[in-house]
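Here is the structure we will look at.
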Amino acid sequence: MTTIVGRRTGKMIYIKLKHKYLSRHLLSHFPADSIRLDDDRLVKLRERSYIKKWIKLIPHDKTIPVEDFEKGKQFIHLANIVKDNEVFASGNRQGKKKRTTLIELKSVVDEALLKQKSEWLYMIVINGRITKIGGTRNSICGRFGSYICGHHIEERGKSGKASETNKYIYNTLYFYLNMGCDVKLFGYKLPEEEITRNVFGHDVKIRVQTYHSYESILIDEFRKQCGFIPFLCDNSDPDYKSSYT
């Protein structure tokens with residue numbers, strides 16, 4: 001890949017020559033169950049990646065096995081996060097990749113459950129170890145769709161218009177998938193809460209957003225048990241923290 005600078009805008013433009021821009025990643029180097037997430041070999045491979053800015057190498061000692069998290073017992077395995085290699089099966093584009101994005105969510109439960117507009121807590125688990133705890137007010141599919149926006153980084157010749165979180169999560173997950181790692185998503189559906197309020201003379205039922213408090217308290221419970229928060233997490237909201245010593 002060659003980099004040039006636009007004459008008028010000065011913006012970095014990335015030109016793909018001879019190889020696709022993904023070719024700098026070396027695929028499936030190691031068995032999924034035989035590698036630490038901060039293995040020295042991964043350090044070197046990250047350094048060789050043209051998107052290394054957006055890849056977070058996860059320290060092994062900042063993760064724990066999913067089964068060891070006491071407050072995670074109510075979470076269920078909802079989906080696998082996998083590389084998106086789907087191609088057209090027929091027609092003029094037969095054999096060509098359907099989407100330009102690189103990862104996708106493969107449900108292991110009824111897909112309607114993941115699309116249902118409701119509040120969830122979720123955990124992203126790589127090689128059996130918890131790397132992120134998060135929450136969503138819309139749906140699991142909706143939250144994952146937001147992460148997909150992380151594809152649009154300038155290093156791929158895209159706009160760069162995505163949140164920092166989405167860029168880091170998307171590209172970090174893609175990096176570990178390319179290394180042959182196993183990535184799973186676990187979830188816990190939150191109970192629905194409604195209140196009735198008089199709005200300009202009308203009694204209106206309003207759905208209460210609660211995931212933020214659940215998420216913050218769960219992250220803090222993780223911190224209490226482990227002494228750190230999951231590496232890919234933002235800090236929990238101090239307004240909802242339980243007392244931590």
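The values are calculated or read from the model by the stated rules, or taken from the named source; none is laboratory data. All values derive from a computational prediction rather than experimental measurement. Please note: Cβ atoms are built from the backbone with ideal geometry, for glycine as well, and neighbour counts cover all protein chains shown.
Details
- Residue in the stretch 170-180 that is within 9 Å of the chain's Cα centre (by Cα), over 24 Å from Ala112 (Cβ atoms) and of a type in the set (Phe, Trp, Tyr) present: yes
- Test result for Ser159, over 27 Å from Gln74 (Cα atoms), free of Cβ contacts under 8 Å to residues at least 12 places away in the same chain and either of a type in the set (S, T, N, Q) or touching an Asp or Glu at 6+ places or on another chain (Cβ under 7 Å) (or both): yes
- Within the stretch 33-51, one or more residues are at pLDDT below 85 and either touching a strand residue (DSSP E or B) at 6+ places or on another chain (Cβ under 8 Å) or assigned to a helix (DSSP H, G or I) (or both).
- Of the candidates Leu121, Leu113, the single residue that is touching a helix residue (DSSP H, G or I) at 6+ places or on another chain (Cβ under 9 Å) and within 30 Å of Pro59 (Cα to Cα) is Leu121.
- Within the stretch 72-103, considering residues that are part of a strand (DSSP E or B), touching a Lys or Arg at 6+ places or on another chain (Cβ under 8 Å) and in contact (Cβ under 8 Å) with a residue 24 or more places away in the chain, the one farthest from Ile153 (Cα to Cα): His77
- Search result, residues across the stretch 171-180 that are modelled with pLDDT of 95 or more and of a type outside the set (S, T, N, Q): Leu173, Tyr174, Phe175, Tyr176, Leu177
- Candidate set from the stretch 160-169 (those that are more than 27 Å from His60 (Cα to Cα) and either surrounded by 11 or more Cβ atoms within 10 Å (Cβ to Cβ) or at pLDDT 95 or above (or both)); member that is farthest from the chain's Cα centre (by Cα): Gly160
- Taking the conditions (1) modelled with pLDDT of 95 or more; (2) touching a helix residue (DSSP H, G or I) at 6+ places or on another chain (Cβ under 7 Å); (3) more than 25 Å from Leu37 (Cα to Cα) in turn, Phe231 satisfies each one other than (3).
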